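The values are calculated or read from the model by the stated rules, or taken from the named source; none is laboratory data. For clarity, every value in this text was computed on a predicted model and none was experimentally measured. With ideal geometry, Cβ positions are generated from the backbone for all residues, glycine too; neighbour counts draw on all protein chains shown. To get the accessible areas, we keep the full protein, side chains included, count just its heavy atoms, and leave off ligands, DNA and RNA. Shrake-Rupley method; radii C 1.70, N 1.55, O 1.52, S 1.80 Å.
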Amino acid sequence: MNNWLNIIQNKLLPPCCILCGQAGFAGLDLCKACFDDLPRNLDCCYRCGQPFDMAISAPQLCGRCLRKSPSFDETHAPFLYDDSLRYLITQLKFHRHYKHARLLGTLLARYLAETAELPECIIPVPLHRNRYRQRGFNQAIEIARHLSSQLSIPLLLNACIRDRDTAHQTELPAKQRLKNMRRAFSAAKPLAYQHVAIVDDVMTTGATIGALAIELKRQGVNRVDVWVCARA
């Protein structure tokens, strides 16, 4: 049924590139030229997604992960937070351009279908109720809805709660971000899963995602992967 609906929609409302206005391709709201021009995170640490300065031929850890392993196990971040990706994410996050969530979710889903070991469920990074009330939506949830639908993975929206209304991470230096997120999350109910993926739009230092991963492992989850559209 969904496939027929997509065919009808593409006939009546063919996809149009969000970035340049040309005709979309492969069912994406993105043309082939803009798709090819997306800044890709090809050579990176397999644990935290931090880009390397040089090409690598096998999975490697970055220096930071070698010194201190993060609480999550693997990161999938197909793009760099630059140029067009920054535009797509900020327009979704601050201007509620929901079609950007569909595009970002589809791009990430197609990447994950080819590269990732799929988990038992996905959990979008929750917002504190005050931040949610102020913004009116959670961009991580909007992206995760498309991932859940396209990859046929259960989406848990109320598994974890953001207990503290923390300061905006973008306003803080890296060390302060870690302190800011300490004990920021708690589980709303017991989790009966061993392999979970956390979903967010962009990963910078990993402090927010790391704090959520700590809580998930405290609840008995064995493996926590990170799925983000872009890595800063």
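Helix 139-151 and the long axis of the chain differ in direction by around 70°, with both axes built from C-alpha atoms.
Mind scanning K99/K189; K93/K189; K32/K217 and naming the pairs with a C-alpha gap bigger than 30 Å?
On the way: K99/K189 32 Å; K93/K189 28 Å; K32/K217 41 Å.
Check vs 30 Å cut-off fails for K99/K189; K32/K217.
Principal-axis analysis of the Cα atoms of the chain puts helix 207-218 at an angle of about 70° to the longest axis.
Rounded to the nearest 10 degrees, the angle from helix 98-115 to the longest Cα principal axis of the chain is 70 degrees. Close amide H pairs (under 5 Å, H built 1.01 Å from N) link Q50 with C45, residues at least 5 positions away or on another chain.
Rounding to the nearest 20 debye, state how big the charge dipole of the chain is about its Cα centre with +1 on each Lys and Arg Cβ and -1 on each Asp and Glu Cβ.
Values: 30 positive and 20 negative charges, 198 e Å.
So the dipole magnitude of the chain works out to roughly 960 debye.
When each of the peptides 207-219, 117-129 is scored by how many other beta carbons lie within 10 Å of its residues on average, the order from highest to lowest is 207-219, 117-129.
The label point for F94 and the one for L13, both projected 7 Å from the Cα toward the Cβ, are 2.7 nm apart. Which distance in Å, rounded to a whole number, links the C-alpha centroids of the range 184-232 and the range 92-168? Going from one Cα centre to the other spans 12 Å. Per residue, the convex hull spanned by the Cα atoms of the chain amounts to 137 cubic angstrom. Residues in the range 183-188 carry Karplus couplings, in order, of 6, 7, 10, 8, 7, 7 Hz; the curve used is 6.51 cos²θ - 1.76 cosθ + 1.60 with θ = phi - 60°, and Gly or Pro positions show x.
Of the residues Y46, G21, S71, the one whose Cα sits farthest towards the positive end of the charge dipole of the range 14-105 is S71 (charges of +1 on Lys and Arg Cβ, -1 on Asp and Glu Cβ, taken about the Cα centre).
Using the 1.4 Å probe convention, the accessible area of the range 22-79 works out to 56 Å² per residue with neighbouring protein chains retained.
Report, to the nearest whole %, how much of the accessible area of the chain belongs to carbon and sulfur atoms, 1.4 Å probe, protein only.
On the way: 6380 of 12380 Å².
Its accessible area is 52 percent carbon and sulfur atoms.
Averaged over residues, the count of other Cβ atoms within 10 Å places the peptides 181-190, 135-144 in the sequence 135-144, 181-190, highest first.
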